[in-house]
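Colleague: Once you've had a glance at the structure underneath, I'll fire off some questions.
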Number of protein chains: 2
Amino acid sequence: LTGERVGAIIVAAGAGERFGGDKVFAPLGDRPVLAHAVAAFERCAPVAEIVVVLGEANVERGRALARAMGWVKTVALCTGGARRQDSVREGLKRLSTCAWTVIHDGARPLVTAEMIERGLAAARRTGAATAAVPVKDTIKVVGPDGLVVETPDRAALWQAQTPQVFRHDFLLAAYRETAPTVTDDAALLERRGIAVAVFAGAYENVKITTHEDLALAACLLRQRG
Amino acid sequence: LTGERVGAIIVAAGAGERFGGDKVFAPLGDRPVLAHAVAAFERCAPVAEIVVVLGEANVERGRALARAMGWVKTVALCTGGARRQDSVREGLKRLSTCAWTVIHDGARPLVTAEMIERGLAAARRTGAATAAVPVKDTIKVVGPDGLVVETPDRAALWQAQTPQVFRHDFLLAAYRETAPTVTDDAALLERRGIAVAVFAGAYENVKITTHEDLALAACLLRQRG
């Protein structure tokens with residue numbers, strides 16, 4: 001990746017409806033959830049700049065956190081949009097032109113610099129890569145009537161996580177057009193026929209959605225420490 | 001369910017390859033993993049009898065545990081087979097004729113009596129029901145080349161868990177025929193055209209596969225207590 005500029009967008013603008021509050025500012029160990037996620041990117045050598053996308057009410061709080069943590073690569077904190085993909089679009093506007101862009105959920109605090117580097121390596125294959133882990137449980141397709149429609153073969157199923165890594169030009173092109181609501185950025189590139197490579201995430205790279213998830217993350221963090 | 005006999009099969013015969021040992025006998029809080037799972041069934045009023053299926057090397061250990069824990073509904077401990085479904089078949093041979101049979105993974109210690117009762121209620125709809133929770137992460141169908149094939153709509157996807165509850169005659173019929181390897185019992189009934197209803201499991205109803213999962217379960221158990 002020598003000479004190829006890497007930017008990162010950390011999306012933390014979700015309303016936290018299921019959490020009942022600003023989950024990315026909830027304390028986890030010695031600092032807020034978001035600070036763990038950003039720290040992994042600050043530590044990851046190839047990453048040159050970071051944009052953090054926050055809810056409108058949290059931008060000032062984010063600035064105070066940036067000062068307290070001494071983030072040096074974090075060049076902008078901006079306000080997100082209604083949907084996750086609207087927030088990514090806002091982040092893209094603030095990012096310099098890069099060769100590669102890494103997108104990460106601010107609510108996944110247990111990401112590591114090594115995982116980000118794995119993503120950068122994997123993305124060279126096709127220009128797009130997502131962290132993922134094999135699904136452990138049997139997955140059912142369930143109809144609106146609450147009855148099982150189908151049990152797809154588990155061996156082919158992976159749970160996507162972030163980080164996701166993309167050629168910056170691929171990502172810009174995908175975000176230039178109007179797209180349906182998607183649950184991850186990789187899906188926007190898939191729609192355009194770009195192959196997305198899978199690289200090893202980690203089961204402990206949990207997304208904090210509920211208070212139970214936060215307790216889990218605290219537990220995992222203590223184990224790691 | 002008045003007057004309808006309910007039997008339970010708790011499957012704990014897995015080799016624990018990923019765990020590197022007998023995960024169902026690993027300590028969790030004040031007792032082995034398996035003892036938590038069995039206790040929920042012992043406490044669940046509608047359940048009349050329980051069969052526990054163990055690896056060949058563990059049957060004596062299981063008997064000692066049954067005595068130590070004072071299980072009163074557990075009528076048999078038997079040896080399982082090569083695949084999960086072979087173990088269920090062995091369990092079925094030991095169970096009395098019941099109206100309803102509940103199947104549960106011995107490696108899911110955080111099941112509750114309430115969850116089992118929800119399953120018994122749900123199974124009345126079609127004769128078959130599985131505990132499940134909505135999938136949180138985006139799921140990818142991944143090809144053998146490690147590239148994403150498809151991103152199915154997350155809104156329709158659920159992670160199946162156990163307990164799973166079946167009309168005993170439906171289950172016997174499904175196990176009478178030779179079937180391909182499946183990852184859960186509900187899939188065997190689906191193959192026969194029987195509709196399977198979904199009822200609320202719980203995210204904390206984790207399956208212990210790795211040592212990390214055991215640490216998580218310990219954490220969740222402390223939170224509960």
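The values are calculated or read from the model by the stated rules, or taken from the named source; none is laboratory data. Remember, predicted model here, so these are calculated numbers, not experimental data. FYI the Cβ positions are ideal-geometry reconstructions off the backbone, even for glycines, and counts take in every protein chain you see. All accessible areas refer to the heavy atoms of the entire protein, side chains included, with ligands and DNA or RNA removed. Shrake-Rupley method; radii C 1.70, N 1.55, O 1.52, S 1.80 Å.
Colleague: Scan the range B:149-158 for residues that are touching a Lys or Arg at 6+ places or on another chain (Cβ under 8 Å) and either within 16 Å of residue B:198 (Cα to Cα) or open to solvent by less than 20 Å² (accessible area, probe 1.4 Å) (or both) and jot them down.
Modeller: B:157, B:158
Colleague: Continuing with the same structure: Using the structure shown, decide if residue A:138 is within 16 Å of residue B:154 (Cα to Cα), touching a helix residue (DSSP H, G or I) at 6+ places or on another chain (Cβ under 7 Å) and open to solvent by 40 Å² or more (accessible area, probe 1.4 Å).
Modeller: no
Colleague: Now, a different point. Starting from the range A:63-87, take each residue that is of a type in the set (D, E, K, R) and list its partners that are open to solvent by less than 50 Å² (accessible area, probe 1.4 Å) and in a helix (DSSP H, G or I), counting only C-beta distances under 8 angstrom and pairs at least six apart or across chains.
Modeller: A:73/A:41; A:73/A:42
Colleague: Can you pull out every residue in the range B:140-155 that is more than 7 Å from every other protein chain (Cβ to nearest Cβ) and either in a strand (DSSP E or B) or of a type in the set (A, V, I, L, M, F, W, C) (or both)?
Modeller: The answer is B:149, B:150, B:155.
Colleague: If you don't mind, there's one more thing I want to ask. Just for the range B:198-225: of the residues that are open to solvent by less than 40 Å² (accessible area, probe 1.4 Å) and of a type in the set (Gly, Ala, Ser), which one is nearest to the other protein chains (Cβ to nearest Cβ)?
Modeller: B:215
Colleague: Right, something else. For the range A:57-74, state whether one or more residues are under 24 Å from residue A:172 (Cβ atoms), buried (at least 16 other Cβ atoms within 10 Å of the Cβ) and small (Gly, Ala, Ser).
Modeller: no
Colleague: Under 8 Å by Cβ, and 6 or more places apart or on different chains, what pairs join a residue from the range A:184-197 that is under 11 Å from residue A:123 (Cβ atoms) and facing chain B (nearest Cβ under 7 Å) with one that is modelled with pLDDT under 95 and open to solvent by less than 10 Å² (accessible area, probe 1.4 Å)?
Modeller: Close Cβ pairs satisfying both conditions: none exist.
Colleague: If residue A:162 satisfies every condition in (1) out of contact with any helix residue (DSSP H, G or I) (no Cβ under 9 Å at 6 or more places or on another chain); (2) open to solvent by less than 10 Å² (accessible area, probe 1.4 Å); (3) assigned to a strand (DSSP E or B) but one, which is the exception?
Modeller: The one condition residue A:162 does not meet is (1).
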